[in-house]
Amino acid sequence: QVQLVESGGGLVQPGGSLGLSCAASGSISSFNAMRWYRQAPGKEREFVAHISKSGYILYADSVKGRFTISRDNAKNTVYLQMNSLKPEDTAAYYCNAVLSDYSSPYWGRGTQVTVSS
């Protein structure tokens, strides 16, 4: 089984920056992709960013130009650097692994990001 642990959340002011990490118990290089999702109170889970095994990167329009997803295969860790944060970025952020069979059964517990003045 794969375990994912997010960290790095916290309270930041609008316009500020925050970096999130997702540490995996398995080798992320063996996964087809790693993804970040977020969920705000009362809202559905929302896709944020994707990085494939080959390095293909995709962002949601809402975060494009502000967020950067990256990985360190040696550390089995995926990162999400968030800049120019807005109040609407406030959410619990979750890490997700897409396996070789394209299933995505593994999720972290989430880390809370709150953007407020």
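The values are calculated or read from the model by the stated rules, or taken from the named source; none is laboratory data. Since this is a predicted model, take the numbers as computed values, not measurements. Here the Cβ is made from the backbone with ideal geometry for all residues, glycine too, and neighbour counts use every protein chain on show. Heavy atoms of the whole protein, side chains included, go into the accessibility calculation; ligands, DNA and RNA do not. Shrake-Rupley method; radii C 1.70, N 1.55, O 1.52, S 1.80 Å.
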*segment 12-117: GluC sites (Glu not before Pro) in DSSP loop, at most 10 other beta carbons within 10 Å*: 44
*Under 13 Å from the Cβ of residue 85, count the other residues' Cβ atoms, weight Lys and Arg +1, Asp and Glu -1, and hand me the total.*
+1
*Would you work out which of 96, 54, 27 lies farthest towards the positive end of the dipole of segment 21-117? Charges go on Cβ: Lys and Arg +1, Asp and Glu -1.*
27
*What's the Cα-based Rg to Rh of segment 1-51, Rh via Kirkwood?*
1.01
*Pull out the extension gain between residue 58 and residue 32, defined as 0.36 nm times the separation in residues minus the alpha carbon to alpha carbon distance; nm, one decimal.*
8.0 nm
*What does the accessible area per residue of the chain come to in Å², with a 1.4 Å probe and no ligands, DNA or RNA counted?*
53 Å²
*Within segment 71-117: Cβ-based charge dipole about Cα centre, in debye rounded to nearest 20 (Lys, Arg +1; Asp, Glu -1)*: 120 debye
_5 Å binning of all Cα-Cα separations within the chain, expressed as whole percents from 0 upward_ = 2, 13, 24, 26, 19, 10, 5, 1, 0
*asked:* Within 10 Å, at most 10 other Cβ atoms, and a DSSP state outside H, G, I, E, B define an exposed site. Report the longest part of the chain free of exposed trypsin sites (Lys or Arg not before Pro).
replied: 65-117
*Taking the Cα centre of the chain as origin and charging only Cβ (+1 Lys, Arg; -1 Asp, Glu), how large is the dipole, in debye to the nearest 20?*
100 debye
*Kindly report, to the nearest 10 Å², the accessible surface of residue 47 as traced by a 1.4 Å probe over protein heavy atoms only.*
60 Å²
*Taking the simple approach of a point 7 Å from Cα along Cα-to-Cβ for both residue 100 and residue 3, what is their distance in nm?*
2.3 nm
_Straight-line reach from residue 53: which lysines fall under 28 Å, measuring Cα to Cα and dropping same-chain residues less than 8 apart?_
64, 75
